[in-house]
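The values are calculated or read from the model by the stated rules, or taken from the named source; none is laboratory data. Because the structure is a prediction, the values reported are computed rather than measured. Backbone-built Cβ (ideal geometry, glycine too); neighbour counts: all protein chains shown.
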Amino acid sequence: MFSKFSAIFAADFVYWFYVPNSVWCLNIIKKERVVEREVVVKRAAEMFAESGIKAIRMDDIAADLGVSKRTLYEMFEDKKELLYLSFKYITLCQNEAAAASYNQYAGSLVAILEAIRVMRDTREKYHRMNVNLKKFYPDLFEKLRIEIAHEGCQHLCDIINGLIRKGLILNDIDVDLSVTILYYTLVNIFSDTSNHFLPNNVTRSEAFFYTVVNFFRGIATMDGVKQIDEYVQKQKLEVKQ
């Protein structure tokens, strides 16, 4: 059985369209700053990512925001709830970045590959945060893993079905099975034991992108393969430059 390390992020790349519709507000009233929940979640996510989820206490977050710890506990049941919302916020930010890239090529296979590239490039930033979540909050890790995997895989199925209708993906594939295989392959690549089976000098990011490209080549029509090959060639040229 392979490790579930980074499983909550392995499906991020397939669920990039939901963008939080929130306005971050910050007002100063009397001596203590009055903050919105969204402001606290945003700042807590930044602090957890910078210093680690074990090192950052509720006292630290309160002091940084200029509010009392009591105020935080009026907003959130405990640190665990704030952690949960912080991870959801980080996921949504990643999705937003990928969505911006995806929309440049909407309706093509290149759109998926470009969005995946963006997700791959930002993934390592939250490596330690994810490791610590699994170590110190395994139940929360599992909850997030299940939620994001379900949402992400369902979304990718919808996208692939759309590309089938456009004639870019073969119409006789088992979409659910294909997405499931891809998802768990990527989970394994970004697991904490991946270095045990990856060839020397091959990074997780390289293995991730190689797997995705060849997965889509395998289920694409001739027109789809042409789009993929042109995209890969362009990436190679950019690397050389």
Thr91 passes all but one of (1) closer than 19 Å to Gly52 by Cα; (2) free of Cβ contacts under 8 Å to residues at least 40 places away in the same chain; which number fails?
(2)
Determine which single condition Val187 fails, assuming it passes every other condition in (1) hydrophobic (A, V, I, L, M, F, W, C); (2) farther than 14 Å from Ile112 by Cα; (3) surrounded by fewer than 20 Cβ atoms within 10 Å (Cβ to Cβ).
(3)
Give just the number: which of (1) surrounded by 19 or more Cβ atoms within 10 Å (Cβ to Cβ); (2) touching a strand residue (DSSP E or B) at 6+ places or on another chain (Cβ under 6 Å); (3) not hydroxyl-bearing (Ser, Thr, Tyr) does Ile56 not satisfy?
(2)
Among the candidates Ile173, Ile164, residue that is in a loop (DSSP other than H, G, I, E, B), surrounded by 12 or more Cβ atoms within 10 Å (Cβ to Cβ) and more than 23 Å from the chain's Cα centre (by Cα):
Ile173
Could you tell me how many of the residues in segment 18-53 are closer than 22 Å to Cys93 by Cβ and modelled with pLDDT of 50 or more?
19
In segment 77-96, what residues are more than 16 Å from Lys143 (Cα to Cα) and in contact with a Phe, Trp or Tyr (Cβ under 9 Å, 6 or more places away or on another chain)?
Leu92, Gln94, Asn95, Glu96
Just to be sure I understand the filter: pairs with C-beta atoms under 9 Å, separated by 6 or more residues or on different chains, first member in segment 191-202 and more than 18 Å from His127 (Cα to Cα) and of a type in the set (Phe, Trp, Tyr), second member modelled with pLDDT of 65 or more and surrounded by 11 or more Cβ atoms within 10 Å (Cβ to Cβ). Which pairs pass?
Phe197/Asn188
Test: Tyr210 is modelled with pLDDT of 85 or more and surrounded by fewer than 16 Cβ atoms within 10 Å (Cβ to Cβ)
yes
Filter segment 41-67 for residues that are within 12 Å of Lys79 (Cβ to Cβ), in a helix (DSSP H, G or I) and either among the basic types (Lys, Arg) or under 21 Å from the mean Cα position of the chain (by Cα) (or both) and give the result.
Ala44, Met47, Phe48
